[in-house]
Amino acid sequence: MSTVPPPAPGMAGSVPNYLAWSIISTVLASCLCCPLGLVGIVAIVFSNKVNTLLRQGDIAGAQRASATAKTWCWVATALAIIGLLINIWAYSTGGLQQYMQAMEQIQAAQS
């Protein structure tokens with residue numbers, strides 16, 4: 001039976017897990033963009049995997065998971081930025097008022 005040695009004391013801190021970034025970007029992308037923003041959950045999963053792999057002593061695996069988490073964090077952040085820009089555009093052009101009028105017409109037609 002082989003035992004995996006614990007990581008060296010300095011190694012655990014050298015592989016970032018991006019957990020905070022993944023949570024914040026997922027929440028913002030989901031609120032500002034659309035349900036598509038939930039792809040940030042993938043970043044959260046890989047962020048958590050970094051810590052698990054470090055505890056197991058798999059530094060290379062932790063580094064791969066960290067890189068994957070970072071990629072998905074950027075995807076969620078990009079969706080949040082796109083959603084923010086769309087919302088700014090919609091509010092500045094009166095798009096929300098037009099949306100509300102369309103919804104009222106739909107509801108009136110259904111009555």
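The values are calculated or read from the model by the stated rules, or taken from the named source; none is laboratory data. Please read all numbers here as calculations on a predicted model, not as lab measurements. Cβ atoms come from the backbone with ideal geometry, glycine included; neighbour counts cover every protein chain shown.
Residue-by-condition table, conditions (1) aliphatic (A, V, I, L, M); (2) out of contact with any strand residue (DSSP E or B) (no Cβ under 6 Å at 6 or more places or on another chain); (3) part of a helix (DSSP H, G or I):
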residue: 16; (1), (2), (3): no, yes, no
residue: 23; (1), (2), (3): yes, yes, yes
residue: 29; (1), (2), (3): yes, yes, yes
residue: 36; (1), (2), (3): yes, yes, yes
residue: 39; (1), (2), (3): yes, yes, yes
residue: 45; (1), (2), (3): yes, yes, yes
residue: 48; (1), (2), (3): no, yes, yes
residue: 54; (1), (2), (3): yes, yes, yes
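For the range 37-54, name all the residues that are touching a residue at least 40 places away in the same chain (Cβ under 8 Å) and either in contact with a Leu (Cβ under 9 Å, 6 or more places away or on another chain) or surrounded by fewer than 21 Cβ atoms within 10 Å (Cβ to Cβ) (or both).
Taking the range 37-54 and keeping what is touching a residue at least 40 places away in the same chain (Cβ under 8 Å), we get 37, 39, 54.
Once the filter is applied, which keeps residues that are touching a residue at least 40 places away in the same chain (Cβ under 8 Å) and either in contact with a Leu (Cβ under 9 Å, 6 or more places away or on another chain) or surrounded by fewer than 21 Cβ atoms within 10 Å (Cβ to Cβ) (or both), the range 37-54 yields 37, 39.
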Hey, residue 35 hits all of (1) at pLDDT 95 or above; (2) under 27 Å from residue 91 (Cα atoms); (3) more than 10 Å from the chain's Cα centre (by Cα) but one; which does it fall short on?
(1)
Tally, over the range 93-105, of residues that are part of a helix (DSSP H, G or I), over 18 Å from residue 34 (Cβ atoms) and not hydrophobic (A, V, I, L, M, F, W, C)
5
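Among the listed residues 108, 90, identify the single one that is over 21 Å from the mean Cα position of the chain (by Cα), part of a helix (DSSP H, G or I), surrounded by 14 or more Cβ atoms within 10 Å (Cβ to Cβ) and without any contact (Cβ under 8 Å) to a residue 40 or more places away in the chain. Talk me through it step by step, then tell me what you get.
Values: 108 fails: surrounded by 14 or more Cβ atoms within 10 Å (Cβ to Cβ).
Going through 108, 90 in turn, the sole match is 90.
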Which pairs have Cβ atoms under 7 Å, sit 6 or more apart or on different chains, and link a residue in the range 57-78 that is over 22 Å from residue 34 (Cα atoms) to one that is among the basic types (Lys, Arg) and part of a helix (DSSP H, G or I)?
65/49
Scanning the range 56-87 residue by residue, those in a helix (DSSP H, G or I), more than 17 Å from the chain's Cα centre (by Cα) and surrounded by 13 or more Cβ atoms within 10 Å (Cβ to Cβ) turn out to be 56, 59, 61, 62, 63, 64, 86, 87
